[in-house]
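Reviewing the structure listed below.
The values are calculated or read from the model by the stated rules, or taken from the named source; none is laboratory data. This is a predicted model, so every value here is computed, not measured. For neighbour counting, all protein chains shown are included, and Cβ atoms are generated from backbone atoms with ideal geometry for every residue, glycine included.
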Amino acid sequence: MRRFNLGYFIKEGFSSIFSHGLMSFAAVCMIVACLIIMGSFSLLAVNVDGMLSQLEEENEFLAYIDESFTPDQVRTLMEKIKQIDNVDPNGVTFITREQAKQDYLKGHETDGLYVNMPDEVLRDRFSIHVIDLEKFTETVEAVCALPGVANHRAENKVAEGFVTVRNAVTALAYVLIAILAAVSLFIISNTTRLAAFSRREEIAIMKMCGATDGFVRWPFIVEGLLLGLMGAAVAFFLQWGVYAAVGKALADSGATALFTLMEFSMIWKRVLAIFLLSGAAIGALGSGFAIRKFLQV
Amino acid sequence: MAAKNRYNKKADASIQRLQSSGREMRAIMIRLIDIHKEYDNGTKALKGINLRIEDGEFVFLVGPSGSGKSTIVKLLTAEITASKGRVIVNGYNLNNIRRWQIPHMRRTLGVIFQDFRLIEKKTVQGNLEFAMRTVGASGREMRKRIPYVLDLVGLEDKADAYPNEMSGGEQQRVAIARALVNNPRMIIADEPTGNLDPRRSLEIMTLLERINAMGTTMLVVTHERDLVNRFSKRVVAIKDGELIRDGQGGYYRA
């Protein structure tokens, strides 16, 4: 691209937006609609993912220690556990049988049956936190294989459930985003095709004067890019409003105990960047595809 | 060194031979060799056309409607390809020209149409700038070239006018200016006077003749007999896709 053509392409792209005002408005509306739908699903996925991550952080299992082990052997065992893959080295805690009893009694302080329970009933144990929930079962097996681990208690089913829900939500979000991106691309492409059709004579003159395909195509790509960015900016503010409204509705209904939305201030930069990138890409690609047919002169 | 001298002597002898025979060494602008064109619907538009146009010539391509004139123009501008035969324009072999080379080939041509094909929303100046920008000219080049070309076609005071504010003759002058502005080696005019009255037609043809006198090869496609007969130029006549006559200072006979 020649230096003095760049300004021309931008100028032409801008002027074309205004000279085909209605068409441009339609294209921006379509981009806004598609980005809001895509954005809503993405934000839902992000929130579900965030919630599951929070639950994951609390996810741990207990490894009971062989009663014949001396304190030195227990220390050695703890070091070995910390070295196992997927075990959080800072998340391995030694719990004595006395501490375990105290924890157990919380909530049962008035029940004589538990209060008089001897310490020997319980074993010393490690509370072990895992990093990746998907490798939960393998990690538990690796810990249990160590000599000195007499038994364990792990909620494998719960961990697997978390993983399944997360994967399903992520997959659904990806599929929907892909479908909506394709739909947006198609709509933008058609809108630009109409604009290109109304300028086919101009394109034919350009080609007859010796314009390269790139020279003809660039103003349309710039136009699509600008429309995409405009649509993205509008969609961002609307999305913000929708997100705030949903958050308020959840708070009013008292559902926040089950599901709390992330603060928009925590994610707005990411949302804006993704919207702008998606809008620009959809606009530019859609225009690029649409113009192809009219270059065959 | 001796070989080089021998070569130069041989070349000089050839030039002398050509000059003594009254012929000048001129570049071939258009070469059509046994051209056949059959469209997808089965219409045979051209049947074995052979044509050679040299640099600086003024040629009328004449023939009735449907004779194949427009097909020849489309072949020369690489809008379509021949079904059989070879098409060479300004040294470009259009039979195996690559897509990316077509714009470069077209930059050596200026094309004028019957319906002017000006951009209505641009001024005269804007239309010419548009054509120059297409080939990557800078603002400085445009400021230098456009007034010169407008002066040449007699529209120096119309730079800011819009096409719909001008007469048909003036619009065709703008189209000629646009064809000229990139300094092409050859101009192809497809029925340039088709939409004009006889007086304006004569003016336009005189202008094309003047441009040709300045060194630009001119191929004018027309079916206006009176106009062709008024200018004593080479006339190539085709009928039903076949070349029926080709002569210098020729006439267009029915």
Being at the interface with chain B (Cβ under 10 Å from one of its Cβ atoms) and modelled with pLDDT under 80 is the filter here, so list the residues in the stretch A:13-32 that pass it.
A:S19
Show me the helices (runs of 4 or more DSSP H) found entirely inside the stretch A:126-221 where at least 2 residues are away from chain B (no Cβ under 14 Å).
A:136-144, A:156-198
Cβ contacts < 7 Å: first residue aliphatic (A, V, I, L, M), restricted to the stretch A:103-125; second residue modelled with pLDDT of 70 or more, any location; separation 6+ or different chain. Result?
A:V115/A:L105; A:M117/A:K101; A:L122/A:R97; A:L122/A:A100; A:L122/A:K101
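Yes or no, residue by residue, for (1) crowded, with 16+ Cβ neighbours inside 10 Å; (2) within 27 Å of B:K122 (Cβ to Cβ); (3) modelled with pLDDT of 80 or more; (4) over 26 Å from the mean Cα position of the chain (by Cα):
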position: A:V165; (1), (2), (3), (4): no, no, no, no
position: A:T170; (1), (2), (3), (4): no, no, no, no
position: A:I179; (1), (2), (3), (4): no, no, yes, no
position: A:I187; (1), (2), (3), (4): yes, no, no, no
position: A:R200; (1), (2), (3), (4): no, yes, yes, yes
Can you confirm whether the stretch A:70-78 contains a residue that is at pLDDT 80 or above and within 26 Å of A:L133 (Cβ to Cβ)?
yes
Is one or more of the residues making up the stretch B:79-96 buried (at least 20 other Cβ atoms within 10 Å of the Cβ), within 13 Å of chain A (Cβ to nearest Cβ) and more than 16 Å from the chain's Cα centre (by Cα)?
no
Taking the conditions exactly as written (under 20 Å from the mean Cα position of the chain (by Cα), in contact (Cβ under 8 Å) with a residue 60 or more places away in the chain, crowded, with 20+ Cβ neighbours inside 10 Å and at positive phi), does B:G56 satisfy them or not?
no
Keeping to the stretch B:175-207, report how many residues are assigned to a helix (DSSP H, G or I) and in contact (Cβ under 8 Å) with a residue 40 or more places away in the chain.
8
Restricting to the stretch B:229-254, what's the tally of residues that are touching a helix residue (DSSP H, G or I) at 6+ places or on another chain (Cβ under 9 Å) and either of a type in the set (S, T, Y) or assigned to a helix (DSSP H, G or I) (or both)?
3
Give the number of residues within the stretch A:263-297 that are loosely packed, with under 15 Cβ neighbours inside 10 Å and touching a residue at least 60 places away in the same chain (Cβ under 8 Å).
1
Looking for whichever is surrounded by fewer than 16 Cβ atoms within 10 Å (Cβ to Cβ) and within 14 Å of chain A (Cβ to nearest Cβ) here; the options are B:R99, B:R117, B:R106, B:R133. Which one fits?
B:R99
Being surrounded by 15 or more Cβ atoms within 10 Å (Cβ to Cβ), touching a Phe, Trp or Tyr at 6+ places or on another chain (Cβ under 8 Å) and either within 14 Å of chain B (Cβ to nearest Cβ) or touching a residue at least 24 places away in the same chain (Cβ under 8 Å) (or both) narrows it down to one residue among A:M38, A:M78; which is it?
A:M78
Of all residues in the stretch A:58-75, which are touching a residue at least 12 places away in the same chain (Cβ under 8 Å) and either within 24 Å of the chain's Cα centre (by Cα) or outside any helix (DSSP H, G or I) (or both)?
A:N59, A:E60, A:F61, A:L62, A:A63, A:Y64, A:I65, A:D66, A:E67, A:F69
Condition broken by A:A251, with the remaining ones in (1) part of a helix (DSSP H, G or I); (2) at pLDDT 85 or above; (3) small (G, A, S) satisfied:
(2)
Taking the condition of a type outside the set (G, A, S), more than 12 Å from every other protein chain (Cβ to nearest Cβ), within 20 Å of the chain's Cα centre (by Cα) and in a loop (DSSP other than H, G, I, E, B), does B:Q172 pass?
no
Please state which of the following conditions A:P219 fails to meet, knowing it meets all the rest: (1) at pLDDT 90 or above; (2) within 26 Å of A:K11 (Cα to Cα); (3) surrounded by 15 or more Cβ atoms within 10 Å (Cβ to Cβ).
(1)
